[in-house]
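Have a look at the structure below, then the notes.
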Amino acid sequence: DMFSLNYDSALYYYLKVQEINTNSADINLKIGHCYLRLSAGSEPAKGIPYLDKAQQLNESLKGQALYYKGQAYHLQSEWRKAANFYAQYEDLLDLEADVEQLDQVRKRMEECRYGEEFSKNPVNAKFENMGDWVNSRYREHSPIISANASVMYFTARLPNTTGGYSDSDGLFFEDVYV
C-alpha cells in the first residue's frame, strides 16, 4: 500500500494512474488523502474534488471522504465547513461499534468550536528566528515557555534523534529539547 510511503511521491504516482483511470474511486480517495498529508501542507483543499468524486463513484467510501473533507477545511481554519463534514461523518457511525472513531470525530468537532471562538479574538503574535542555538535547517516546532519565562521546551526532527529513526515521510522522529 502506497500510504506507507512519502505522500509527495505517492501523490505523483496516484495522479499518473488517475490520468489513465479517472473513474477509480479508490485512486481518487487516495489522491484526496495525499493532499491532506503533503509535507508542505499548503493546499489540503486541492483534494476535495477527488474526495467528492470518490464518494460519487463508490458510496461505501462516503464516510472516509466526509472525514477527509472535514480535515481539509479544518486545516484551512474553515471551522463551520469542517464541523459540518465531521457531523455528517458522525451520523454514519455506529454508537456501539465505532467508539474510537466517534471519540476522534467529536474531538475534531470540539477543535472546530474552539477554533471558531479563538478566531473571533485573534492575538497578535510575532514569530522570530531564535538563531543557530535553536533553529537549524531541520524542523523545530511546538515551543512552550515556562511560567517564569526562564525555560523554553520545543520539539525538533534532527538527524541525531534518539534511536536515529525516521517516519514514513523520511523525517526524523521528534525529540524534546530544553
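Things to note:
- Fully extended contour minus Cα-Cα distance, from Ala87 to Asn135, at 0.36 nm per residue: 13.3 nm
- 3J(HN,Hα) couplings calculated from phi for segment 76-85 with the Karplus curve 6.51 cos²θ - 1.76 cosθ + 1.60 (θ = phi - 60°) are, in sequence order, 9, 6, 9, 4, 5, 4, 4, 4, 5, 5 Hz; Gly and Pro show x.
- Ordering of 148-155, 54-61, 66-73, 97-104 by packing [mean C-beta count within 10 Å, highest first]: 66-73, 54-61, 97-104, 148-155
- Approximating the spin labels as points 7 Å out from Cα along Cα→Cβ, the Asn21-to-Met152 distance works out to 5.0 nm.
- With every protein chain in place, segment 23-149: carbon and sulfur % of accessible area (1.4 Å): 49 percent
- A 1.4 Å probe run over the protein chains yields, for the chain, 65 Å² of accessible area per residue, whole-number rounding.
- Annotation for segment 84-124 versus segment 14-73: alpha-carbon center distance of 20 Å.
The values are calculated or read from the model by the stated rules, or taken from the named source; none is laboratory data. Nothing here was measured: the structure is a model prediction, and the numbers come from that model. Methodologically, a virtual Cβ is constructed for each residue, glycine included, from the backbone with ideal geometry; neighbour enumeration extends over all protein chains shown. Note: accessible area is taken over every heavy atom of the protein model, side chains too, but ligands, DNA and RNA are not part of it. Shrake-Rupley method; radii C 1.70, N 1.55, O 1.52, S 1.80 Å.
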